[in-house]
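The values are calculated or read from the model by the stated rules, or taken from the named source; none is laboratory data. Computed from a predicted model, the values in this text were never measured in an experiment. Note that each Cβ is placed from the backbone with ideal geometry, even for glycine, and that neighbours are counted across all protein chains shown.
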Amino acid sequence: MQWLKKRMRLLLALVEALTGEAETVSYPKTELELPKGYRGAIQLDEEKCIGCGLCVMDCPAHGLELEKESKSVYKLTYYPARCAYCGQCERACHRQAITHTNQLPGSTTDPESIIVILKDQKEQEDSDE
Ligand code: SF4
Ligand code: SF4
């Protein structure tokens, strides 16, 4: 009798799994809805950033790079393929300029293609000349 109960439970679970709502999505073909507060790709509020480099120094994965020409002329680059989504840069920034979004950069076989220039004053200065 016990074996019959077990089989019935198994059968019920099987029917539930086949008829219920899907627990997974076919990412990246289907858009992945991540909860608010999820540590996804980072974004920068350019107005708040002063190019101090604290986020770069604190990043354990070399996910950020700061190229500085002078105190106010710099370029801040984000490398999502290296990023560990740890939140350390967000914590390190005393200006609250850097924050996580709840989006992922998308999967790729070409890490170079998803590099993000967060702020580039070097280019801005060159175009002003
Ligand atoms: S994001 Fe914040 S910590 Fe990073 S360079 Fe800008 S101001 Fe400094
Ligand atoms: S989330 Fe972590 S690994 Fe990614 S850039 Fe920030 S400090 Fe680096």
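Miscellaneous remarks
- Applying the condition of being at pLDDT below 95 and surrounded by fewer than 14 Cβ atoms within 10 Å (Cβ to Cβ) to the stretch 30-51 and asking which residue is nearest to ligand 1 (Cβ to nearest atom) yields 37.
- Test result for residue 91, surrounded by fewer than 14 Cβ atoms within 10 Å (Cβ to Cβ), more than 10 Å from ligand 2 (Cβ to nearest atom), in a helix (DSSP H, G or I) and of a type in the set (D, E, K, R): no
- Cβ separations smaller than 6 Å between residues 6+ apart or across chains give the following pairs from the stretch 81-109 residues that are over 16 Å from residue 34 (Cβ atoms) to residues that are in a loop (DSSP other than H, G, I, E, B) and near ligand 2 (Cβ under 7 Å from one of its atoms): 82/61; 82/63; 84/61; 89/59.
- Some residue of the stretch 12-29 being closer than 16 Å to residue 121 by Cβ and either among the hydrophobic types (A, V, I, L, M, F, W, C) or surrounded by 14 or more Cβ atoms within 10 Å (Cβ to Cβ) (or both): no
- So residue 24, is it within 29 Å of residue 110 (Cβ to Cβ), at pLDDT below 95 and of a type in the set (Val, Ile, Thr): yes
- Positions within the stretch 58-85 being part of a loop (DSSP other than H, G, I, E, B), of a type in the set (A, V, I, L, M) and in contact with a Cys (Cβ under 8 Å, 6 or more places away or on another chain), in sequence order: 61
- Scanning the stretch 26-66 for residues that are acidic (Asp, Glu) and within 16 Å of ligand 2 (Cβ to nearest atom) yields 45, 58, 65.
- Among the residues of the stretch 94-125, those that are more than 12 Å from ligand 1 (Cβ to nearest atom) and part of a strand (DSSP E or B) comprise 100, 116, 117, 120.
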